[in-house]
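Reading through the structure tokens given below for one structure.
Please treat every number below as a calculation from the coordinates, not as lab data. Fair warning: this is a prediction, and the values are worked out from it, not measured in the lab. In this analysis, Cβ positions are derived from the backbone assuming ideal geometry, glycine residues included, and neighbour counts consider all displayed protein chains.
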Amino acid sequence: MAIRVYNTMSRSKEELETIEPGTVKMYVCGPTVYNYIHLGNARTFLNFDMIRRYLEYSGVDVTFVQNITDVDDKIINRANVEGVPADEIAEKYRLAFEEDMEALGVKPPDIAPRATEHIAEMVEVIAVLVEKGHAYVADGDVYFDVSSFAGYGRLSGRDLSEQQVTVQFSPEMERKRDPWDFALWKAAKPGEPSWESPWGPGRPGWHIECSTMSVQYLGGGFDIHGGGLDLVFPHHENEMAQAEAYSGDRFARYWIHSGMLNIDQEKMSKSLGNIKMLREVLEEFDPDTVRMLMLGTHYRSPLSFSEMSLTEARASIERIWNCLERIESAGDNGGGGSGAGGNELTSTLERLDASFREHMDDDFNSAAALGEIFEAVREVNTFLDGAEAPPAAALQRAKQFIMEHCGALGLELEASSRIVASSTSRAKISSAGSDRGRLLSFAAEAGIEAETGEMPDEELVQLLLEARQVARESKDFTRADMIRDGLNGLGIQVEDIKRLRPE
Ligand SMILES: [Zn+2]
């Protein structure tokens, strides 16, 4: 069955027909690097990671481009507040973004162009827009003339003639011919980062960055343009107007937008003070849990986040782990029998595989697809309850089914996420000075010297866990057990699970 996607442009599901069959060229708006990303941003990036992974799983060759906005008012404001240069802020949070994405298990883009490295190309596009009469210069700024582009409002479904506009008086508003016009180029203010241009020193507006870099790397009329739902207007509307006015051709074929995230039923916002950073959540929960929670809601629907929903997602991941463990130990306990029901299980899994794909082909319905994985987990558990000597082939297929379908959604089921220091004992060691001393002396005993004196407890525990992992891998079980027992003695639970990977 062909893959169908909901296209914001047509407001309907359409069959995905790409320019080149078997390949998808997609562009997703990346972060403005002025702060750590919050859970709402994380949801958008995770959703597009899921879409990309599923396309790849379906045999499609995907080229994934995601920009880094490293010059912007928000970055400049932040730099002024912190009293450091803007490029320092941008670099710091760009690296933090990469770290966060890696921690969440989001695949890095094939190309991650930075705005500041493409200024010349943007200047060129702006110059053509001015030349074609789609843009005008005013006091060193350049604005896009919305009235010059007939299709303006098509993507967001706005008819500007009927739209009320509330404008705040500003010098910028004074320079615009129409309040809907938007900046392509902003004249430099003292102390701001700036580049040379035919209109004087300045910097590009945000929208022109995406129009320029997407077409530069993917070609005009590329397949999928994505981003958060909050970007439809004005960002994507403006990107499209600029790009199509520039080339005279269609910009992107399919527009995909990821839904918003609410915290405890409320919109996440600065004024409500309920902004949750991804980092905070990943300190307490493993990435598969966060992903499980997010995939449990269709990517276009609003997602309601709460601590409780994370705990439930964690329990779902545990259910999968427990089933995999049961399969492993059934195999260890002989397996190889001709136990009845093996063929039946295998054909049930074939049926579930087909429905998994049907759900995902239908506009990436990850929530329904997860339902098929849990159905498989139930079937496998029932099979194991009833089979004394389950046949090896059926066990192998069961394990492979779970690993493969979880993998297609980006659930990694990494053993390391199961080696957890329980949060209660962690709290205990960090609050009690005497335990800190015991932890340090135990680390020294285990031969971990480094700069442990300065290191926070969590990192030290992590180092010990890594040392234990190294010992296990080199089959030095005496040392591995010594580290585990030592940690247990300090009130830190160490839980193990076999590494389960599809063969
Ligand atoms: Zn963009």
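Which residue, chosen from Phe477, Asn343, Gly407, occupies the Cα position most advanced towards the positive end of the dipole of the chain, where the dipole is computed from +1 (Lys, Arg) and -1 (Asp, Glu) charges on Cβ about the Cα centre? Ranked along the dipole, the leading option is Asn343. Using Cβ point charges alone (K and R +1, D and E -1), the dipole size of segment 213-336 about the Cα centre works out to roughly 320 debye. Of the trypsin sites (Lys or Arg not before Pro) in segment 167-255, the ones in a loop by DSSP (not H, G, I, E or B) with at most 16 other beta carbons within 10 Å are Arg177, Arg250.
Would you kindly work out the equivalent ellipsoid of segment 210-271 from its C-alpha gyration tensor and give its semi-axes, the square roots of five times the eigenvalues, largest first in whole Å? Numbers along the way, then the final one.
On the way: eigenvalues 163, 26, 15 Å².
Rounded to whole Å, the semi-axes are 29, 11, 9.
The largest-to-smallest principal axis extents of the Cα set in segment 252-291 are 39, 29, 16 Å.
Overall, the chain carries a charge dipole of about 560 debye about its Cα centre when +1 sits on the Cβ of Lys and Arg and -1 on the Cβ of Asp and Glu, all other atoms neutral. Our summary gives the chain a relative contact order of 15 percent, counting only alpha carbon pairs under 8 angstrom and 6 or more residues apart.
List the lysines whose Cα lies under 25 Å from the Cα of Lys270, skipping any in the same chain that are fewer than 8 positions away. Of all the lysines, those that pass the test against Lys270 - Cα under 25 Å, at least 8 places apart if same chain - are Lys74, Lys92. Relative to the longest principal axis of the Cα atoms of the chain, the long axis of helix 206-218 lies at roughly 70 degrees. Extent along the principal axes, Cα only, for segment 285-413: 48, 30, 20 Å, with the longest axis given first. Between the residues Val215, Leu278, Leu439, the greatest Cα displacement towards the positive end of the dipole of the chain, with unit charges on the Cβ of Lys, Arg, Asp and Glu, is found for Leu278. Around the Cα centre of segment 285-413, unit charges on the Cβ atoms of Lys, Arg, Asp and Glu (plus for the first two, minus for the last two) sum to a dipole of about 40 debye.
Within the straight-line cut-off of under 19 Å between alpha carbons, the aspartates and glutamates reachable from Lys276 are Glu98, Glu99, Asp100, Glu102, Asp230, Asp264, Glu266, Glu284, Asp286, Asp288, Glu307, Glu312, sequence neighbours fewer than 8 places apart in one chain being disregarded.
Straight Cα distances below 27 angstrom link Lys25 to the lysines Lys13, Lys107, with same-chain residues fewer than 8 positions distant left out. Share of antiparallel DSSP beta bridges in the chain, in percent to the nearest 5? Rounded to the nearest five, the antiparallel share is 45 percent. Taking the longest Cα principal axis of the chain as reference, the axis of helix 342-361 is set at about 10 degrees. A Cα-only calculation for the chain places Rg and Dmax at 26.6, 83 Å.
Each Cα pair under 8 Å and six or more residues apart adds its sequence gap; the mean of these over the residue count of segment 209-325 is a relative contact order of 24 percent.
What value, in deg cm²/dmol to 500, does the helix sum -39500 (n - 2.57) over DSSP H runs of n ≥ 4 give at 222 nm once divided by the residues of the chain?
-15500 deg cm²/dmol
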